[in-house]
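The structure appears below as structure tokens.
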Amino acid sequence: MLWQIKSPTFEYCTVLGNTLILHPEILAILDKIKMNKTIVVFGSSTGTCEAIAEKIAQKLGCEAINVQDLTAEVVENNQNLILGTSTWGAGELQDDWYDGLRVLQSANLADKTIALFGCGDCESYGDTFVGGIGELYNGIKESGATFVGAVDTDGYTFDDSEAVVDGKFVGLPLDDVNEDDKTDSRIDAWIAEISPNL
Ligand SMILES: Cc1cc2nc3c(=O)[nH]c(=O)nc-3n(C[C@H](O)[C@H](O)[C@H](O)COP(=O)(O)O)c2cc1C
């Protein structure tokens, strides 16, 4: 034994040769930190959803990754998944999310907490406003995951949206095309709501 770090009650760790032995209580704390990890995953074609994802990640103190880099291991290593997509076509997912969705659908999401957000354009695409959020939700809603962060439709002007379920958006809609002045306050209110659940 070369050295030990001790508290009055127990040894935190012991070095034996070149092996570091951690006390079980330290291992339990490390496991808990790992299990509470949060990651933001975004799909973005022209950078809007990416910039928003970076902002959300910064406020949550976590990393944001492109959905192109989403793997089974990333899913496994994070307890909280904050998933963002812009909407393309007529209410469709951002292109890169189709592969990402398959990764999520192959994973065990039963113990995960998931929050959704997305960007759209309520003026030019008022009939399919942020439909991508709805497609993402529909793809994983039967996974057993806990969904947090549904948002009131009050304060949004649109005609129809696949992202509205039981009278609420299933995630946070953001419209940087027409209402970028509202984006920061919408993000802040949403983060305040989801944070206690992460
Ligand atoms: C061809 C095209 C189709 C779009 N379709 C929709 C739509 O159906 N619903 C919506 O809310 N926004 C729609 N949008 C708006 C985009 O979602 C919006 O510009 C978004 O900020 C793009 O984000 P991104 O750069 O992260 O991909 C569309 C934009 C384009 C150019």
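The values are calculated or read from the model by the stated rules, or taken from the named source; none is laboratory data. From a predicted model like this one, the values you see are computed outputs, not experimental measurements. Positions of Cβ are generated from backbone atoms using ideal geometry, with glycine treated the same way; all protein chains shown enter the neighbour counts.
Of note:
- Tabulated pairs, segment 60-72, first within 16 Å of SER45 (Cβ to Cβ), second polar (S, T, N, Q), C-beta under 8 angstrom, 6+ apart or interchain: ASN66/SER44; VAL67/THR85; VAL67/GLN94
- Residue within segment 86-95 that is of a type in the set (A, V, I, L, M, F, W, C), more than 14 Å from the ligand (Cβ to nearest atom) and free of Cβ contacts under 8 Å to residues at least 60 places away in the same chain present: no
- Filtered by the rule that a residue be of a type outside the set (D, E, K, R) and more than 11 Å from the ligand (Cβ to nearest atom), segment 166-185 gives GLY167, PHE169, VAL170, GLY171, LEU172, SER185.
- Hits in segment 30-87 - residues which are within 21 Å of ASP180 (Cα to Cα), assigned to a loop (DSSP other than H, G, I, E, B) and polar (S, T, N, Q): SER44, SER45, THR46
- Restricting attention to segment 170-198, the residues that are assigned to a loop (DSSP other than H, G, I, E, B) and either of a type outside the set (Asp, Glu) or surrounded by fewer than 21 Cβ atoms within 10 Å (Cβ to Cβ) (or both) total 7.
- Criterion applied to GLY155, GLY139, GLY167 was being modelled with pLDDT under 95 and either of a type in the set (A, V, I, L, M, F, W, C) or surrounded by fewer than 22 Cβ atoms within 10 Å (Cβ to Cβ) (or both), and the one residue passing it is GLY155.
- Residue check, GLY100 under 14 Å from the mean Cα position of the chain (by Cα), assigned to a strand (DSSP E or B) and either surrounded by fewer than 22 Cβ atoms within 10 Å (Cβ to Cβ) or not acidic (Asp, Glu) (or both): no
- Verdict on ASN66 being surrounded by fewer than 16 Cβ atoms within 10 Å (Cβ to Cβ) and within 12 Å of the chain's Cα centre (by Cα): yes
- Scanning segment 110-127 for residues that are surrounded by 18 or more Cβ atoms within 10 Å (Cβ to Cβ) and free of Cβ contacts under 8 Å to residues at least 60 places away in the same chain, we see that the one that is nearest to LEU172 (Cα to Cα) is LEU116.
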